[in-house]
Amino acid sequence: MRFAELAEAYTKVEATPKRLEMRSLLAELLGRVSGEELGELLYLSQGLLAPEYEGIELGMADSLARRAVAIATHVPEREVALDVKASGDLGTTAEALLRRPRLPEEGPGPTVSEVYRTLRRIAEASGEGSQELKVNLLVGLLGRVAPVEARYLVRFVLGRLRLGVREMTILDALAARFSDGSKEARARIEAAFNVSSDLARVAEVLSASGVAGLDEIRLTVGRPVRPMLAERSPDLADVLERMEGRAALEYKYDGLRVQAHVPANGPARLFSRRLEDLSGQFPELVEALPRALARRPAIVEGECVSVDPDTDEIRPFQEVSRRRGRKYDLARMQEEVPVSLFLFDLLLDADGPLLDRALPERRTRLEALVRPDPQVRLATQRLVGDVASAQAFFDESIAAGCEGVMAKSLSNESLYRAGARGDWWIKYKREYTTGLADSIDGAVVGAFLGRGRRAGTYGALLMAVYDPGQDRFESFCKVGSGFDDAGLKALPERLRSYEVDHVPPEVSTGLVPDRWMRPGLVLEVRGAELSLSPIHRAAFGRIRPGAGLALRFPRFTGRYREDKGATEATTSKELEEMFATQVKRPTRARETAENP
Ligand code: ATP
């Protein structure tokens, strides 16, 4: 397929606010390519060159891309820069400049595969002379494409393609193209994705051997699975009831989730909740894991927290977060912020994958496998069958510096459900017991310009929760407090790559911010309570006609949830549940009485 065809499809995808239409456009595209090109097309459309977990970043510096556009269009770089100031997007500028009269391109334009391979070369170029090579490769491509293709190529190399094509939409398109359209087939396709975390691989298997072929996609060391998630409950009695009276309770450590892949030989690889590679950030864990496991290969999961080496006390989340994203000064950071990994699950051992085994078996095998040391330990667990013991365990957990407990089902159904949230795991946190609602992870969908002391930056952000059923981001508050000065100043830059000049089709709100943002950045916010509002759209009409849920007195907690993508924001269903339990909670009456 020529890249021109793909670019044409992109213009349509970009223009449609409807997920169904996007799905048909994608399904139609998928029907036109086969084999390797299928995977390449899927990566490109998500702004990627490989599955996300490979961490291959294209992100060419603006200055390099600008130089390439200047050379390819024969326009002085200064003029290109001026045009970008007006258009706000080098892609649009490249497109406009290429529309000027010029020599026609020679021969047919590049194919999708050619574009993909060149982009990979750009990404992989490193070392001396690599900047020139990157520029030349991009100039070469720009010289062969039509203006509209240039728009997308340039956005791609800058890491700002953002067509709004999300995984769920691609899964729908794959089901439409390669299955009988049944619910069951859609579920099998999603399950294959949850285990492989690689849409291109799922697509290739589907095109070669249909839904039946998906069985060959199995858990493999080195390829992360999408993590299993937990429901929440405001009450331990409710937790036990939902678990049929008996559960395994574990300390809920407040740190970074780590999925560790330890091969039979060679170094371990660590993945975050979002499946980014964390290995470089925690070399001591990479080193400790093979030693701490009696047999390999293995895939284990745990929470990484900072522990005081003298007292063995767990330090607060803020400590371990200092290690995230760190690539330099590692030795000093290891000294200042020593970490331990508390393992709570075993996904694969030397006998094979264990995803379809119940939790008790996984835990027994985990205990047999781990030789605890200061860096790698087992998460504290206790089996409980009554509320009093559950409460006692919760209190111990808080005293140990944890944020609550994670209750886990012991039933035959307690398999490791990759990518799924359900009653097999239920979280119960300390914050629920103090009368505050749980924090909410909101996606930024817009920003309001600041005034006075905040002139030049943003005064508030428009926040949204996610509705996976509709693939829609629904606003629930405007948050302006809780930011420190440095954080505020950095906001425009931090949000720049998400900015768009129109309301993104997936966003639903009754407000009009000064800047719209494609959902991408996730922030943790907390507030006084949830109320009904005619302007916010979270769970709109589901509690009362004409009203959505809004968070009153919202405040940024200071936690950027970089470990979450926009679709992992709190869901509108979760907000609805928080609203329901908040109304019922007796502590609220007491609070109001005490603080009239
Ligand atoms: P979610 O992952 O449910 O979207 P979240 O990322 O905001 O929510 P929490 O609400 O704090 O996280 O709860 C889930 C997280 O708790 C897990 O992803 C994991 O990182 C962490 N965790 C800590 N201790 C445990 C444990 N013993 N078992 C499972 N998860 C644990």
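Keeping every protein chain in place, order TRP516, TRP424 by accessible area at 1.4 Å, biggest value first, i.e. largest first.
TRP424, TRP516
Order the peptides 195-201, 328-334 from the highest to the lowest mean number of other Cβ atoms within 10 Å of their residues.
195-201, 328-334
If R0 is 35 Å, what FRET efficiency do you get for ARG295 and ARG121 from their C-beta distance, rounded to 0.05?
0.30
For THR364 and LEU133, FRET efficiency with R0 = 51 Å and r from the beta-carbon atoms, rounded to 0.05?
With R0 = 51 Å, the Cβ-Cβ based efficiency is 0.45.
What is the dipole size for segment 229-427, taken about its Cα centre, with +1 at each Lys and Arg Cβ and -1 at each Asp and Glu Cβ, in debye to the nearest 20?
So the magnitude is around 720 debye.
Quick check: Cα centre of segment 343-411 to Cα centre of segment 36-92, how many Å?
With segment 343-411 and segment 36-92 each reduced to a Cα centre, they are spaced 46 Å.
Project the alpha carbons of segment 84-229 onto their principal axes and report the range along each, largest first, in whole Å.
53, 36, 32
In the structure shown, do any of LYS18/LYS573; LYS327/LYS427; LYS327/LYS408; LYS18/LYS478; LYS18/LYS489; LYS134/LYS327 have a Cα-Cα gap over 28 Å, and if so which?
Table pairs above 28 Å Cα-Cα are LYS327/LYS427; LYS327/LYS408; LYS18/LYS489.
Take the solvent-accessible surface of the protein heavy atoms, probe 1.4 Å, and return the percent of it on segment 440-584 that carbon and sulfur atoms account for.
Reported share for carbon and sulfur atoms: 50 percent.
Along the positive direction of the dipole of the chain (beta-carbon charges: Lys, Arg +1; Asp, Glu -1; about the Cα centre), which of THR571, ALA27, LEU462 reaches farthest?
After comparing all options, I get LEU462.
Identify, among VAL205, VAL444, LEU341, the residue whose Cα sits farthest towards the positive end of the charge dipole of the chain, taking +1 on the Cβ of Lys and Arg and -1 on the Cβ of Asp and Glu, with the dipole about the Cα centre.
Sorting the options by dipole projection puts first VAL444.
Which one of VAL376, GLY55, LEU219 has its Cα pushed farthest toward the positive end of the charge dipole of the chain, where Lys and Arg give +1 and Asp and Glu give -1 at the Cβ?
My answer, from the dipole projection, is GLY55.
Need the full-extension length gain, ARG451 to ARG544, defined as separation in residues times 0.36 nm minus the C-alpha distance. One decimal, nm.
30.0 nm
I'd like to know how segment 376-507 sits against the 2.2 N^0.38 Å rule of thumb: what's its Cα Rg over that expected value?
Ratio of Rg to 2.2 N^0.38 Å for segment 376-507: 1.46.
Please compute the per residue accessible area over the chain with all protein chains in place, 1.4 Å probe, rounded to a whole number of Å².
Accessible area per residue: 44 Å².
What is segment 165-270 by shape, rounded, prolate or oblate, if you read a ≥ b ≥ c off the alpha carbon gyration tensor as root eigenvalues and call it rounded for a/c under 1.5, prolate for a/b larger than b/c, and oblate otherwise?
Note, shape of segment 165-270 comes out oblate.
With N denoting the number of residues in segment 438-549, provide Rg(C-alpha) divided by 2.2 N^0.38 Å, to two decimal places.
Here the Cα radius of gyration is 1.04 times the empirical estimate.
In debye to the nearest 20, how big a dipole does the chain give about its Cα centre with +1 on each Lys and Arg Cβ and -1 on each Asp and Glu Cβ?
1180
Taking the Cα atoms of the chain, report the difference between the largest and smallest coordinate on each principal axis, in whole Å and largest first.
Dimensions of the chain along the principal axes of its Cα atoms: 80, 60, 55 Å.
Can you tell me what share of the DSSP beta bridges in the chain is antiparallel? A percent to the nearest 5 is fine.
If we restrict to bridges inside the chain, about 85 percent are antiparallel.
Segment 3-158: Rg/Rh from Cα coordinates, Kirkwood Rh?
In segment 3-158, Rg relative to Rh is 0.96.
Tell me the relative contact order for segment 292-367 as a rounded percent, counting alpha carbon contacts under 8 Å between residues six or more apart.
39
The values are calculated or read from the model by the stated rules, or taken from the named source; none is laboratory data. Fair warning: this is a prediction, and the values are worked out from it, not measured in the lab. Note that we place each Cβ from the backbone using ideal geometry, even for glycine, and neighbour counts take in every protein chain shown. Protein only, heavy atoms only, side chains kept; ligands, DNA and RNA dropped before computing areas. Shrake-Rupley method; radii C 1.70, N 1.55, O 1.52, S 1.80 Å.
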